[in-house]
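Trainee: First the structure, which I've put down as structure tokens, then a few questions once you've had a look.
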């Protein structure tokens, strides 16, 4: 990522030529990148933000400080006509909104002194796409359907053409189902991240948890509840050592690939793609009604919904899933149609019990 020479805001300047205007635009974008790096945002997030800003700048008929809400309307409408997904459009709108908040707060006076222009926020409550969480609700299968899928899948492992990758893929999907791990979180686990000595069930050290709004990894310790402790014991005791001798190396990947590291001889880390394909194939075979609809993230929703139905409170679910905000956790919970009736009956039973005690 190449940065332009950043000048002091108090230094004398003038925008006499088109090159001066371009340099000033580049300076603002680069200063924003520096601010994001100071806030500990990841390099990938910074690079994505810069790409969106430059895309919007090319769309404008003037410098970035001349953008208006009309420009925001036209840009987002063009994104929709181009066939971009709702989540993509919402993401770009959010990145642009943050950038223009930065420009208004830090550069408003400088821009006005140099150009006489008052910077406007082009992304507002009227043209900003709603959160994709509402546009793409991931309602998971029922408990009966999930038991059928994983029961058949587990039985088929011993008959698979390649036992080891079949067992690995089943194990990874079971972590998504039982603990709500994200796919990248599970892929990045090492053997040393399993700590059976911590707590009543043992704990997994999720070192590569997703940080909010591009803020790097957010680690967390999660207990191996919901049968995950027995699942991990099966994996490490019966299967993992068959991939190779690196099973005793605490820094070896918990989910290995069949491929070997050419330099050190140990197993390489499996990537997300074969895990996704295996889940899709298992769904197509044993739960065909859900073909194309069960993904690793749907299993994360299932985990939240099933644990909530069993009585786990929202705060505990928030910590398990690694959410920054409790409101995010509530969107992961999909209750059964009889949930309201059951809650009403239980509340009345508690009330009757208090009256009887009185």
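Trainee: Quick check on the chain: helices-only [θ] at 222 nm, where DSSP H runs of length 4 and up contribute -39,500 (n - 2.57) each and the sum goes over total residues. Nearest 500, please. Write down the numbers at each step before the final one.
Mentor: On the way: 14 runs with 189 residues, N = 358.
After summing the helix terms and dividing by residue count, I get -17000 deg cm²/dmol.
Trainee: If I fit a long axis through the Cα atoms of helix 339-357 and take the longest principal axis of the Cα atoms of the chain, what angle between them do I get, 0 to 90°, rounded to 10?
Mentor: On a 0 to 90 degree scale, this one is about 70.
Trainee: Over the chain, what is the mean sequence separation of C-alpha contacts under 8 Å (at least six apart), divided by residue count, expressed as relative contact order in percent?
Mentor: Working: 413 pairs, mean separation 52.2, N = 358.
Computed over the chain, the figure is 15 percent.
Trainee: Peptides 45-54, 112-121: what's the order by average Cβ count within 10 Å, highest mean first? Walk me through the numbers on the way to the answer.
Mentor: Values: 45-54: 17.0, 112-121: 13.9.
By packing density, highest mean first, the sequence is 45-54, 112-121.
Trainee: Using the alpha-carbon atoms, what tilt in degrees (0 to 90, nearest 10) does helix 43-59 show relative to the longest principal axis of the chain?
Mentor: With rounding to tens, the tilt is 40 degrees.
Trainee: For helix 272-286, report the angle its Cα long axis makes with the longest principal axis of the Cα atoms of the chain; keep it between 0 and 90° and round to the nearest 10°.
Mentor: Result, in degrees: 50.
Trainee: Where a ≥ b ≥ c are the square roots of the eigenvalues of the C-alpha gyration tensor, would you call the stretch 161-233 rounded, which needs a/c under 1.5, or, failing that, prolate if a/b is larger than b/c, or oblate? Provide the component values of the computation, followed by the final result.
Mentor: Numbers: a/c = 2.02, a/b = 1.24, b/c = 1.63.
Judged from the Cα gyration tensor, the stretch 161-233 comes out oblate (a/c at least 1.5, b/c at or above a/b).
Trainee: Once you sort the root eigenvalues of the Cα gyration tensor of the chain as a ≥ b ≥ c, which label holds: rounded (a/c under 1.5), prolate (a/b larger than b/c) or oblate (the other case)?
Mentor: Values: a/c = 2.29, a/b = 1.61, b/c = 1.42.
Judged from the Cα gyration tensor, the chain comes out prolate (a/c at least 1.5, a/b above b/c).
Trainee: Can you pull a Stokes-Einstein diffusion coefficient for the stretch 143-341 at 4 °C (1.567 mPa s), Rh from Kirkwood over Cα pairs, as a whole number of µm²/s? Don't skip to the answer; put the middle values down first.
Mentor: Numbers: Rh = 17.6 Å.
Estimated diffusion coefficient is 74 µm²/s.
Trainee: A follow-up question, please. Residue 353 to residue 148: FRET efficiency via 1/(1 + (r/R0)^6), r the Cβ-Cβ distance, R0 22 Å, to the nearest 0.05?
Mentor: Working: r = 37 Å, r/R0 = 1.70.
So, using R0 = 22 Å, E works out to roughly 0.05.
Trainee: Calculate the FRET efficiency for residue 39 and residue 241 from the Cβ-Cβ distance with a Förster distance of 51 Å, rounded to the nearest 0.05. Intermediate values should be presented prior to the final figure.
Mentor: On the way: r = 43 Å, r/R0 = 0.84.
Calculated value: 0.75.
Bear in mind that the values in this text are calculations on the coordinates, not laboratory data. The structure displayed is predicted, hence computed values, not measured ones. When we count neighbours, we look across all protein chains shown, and the Cβ atoms used for this are built from the backbone with ideal geometry, even at glycine.
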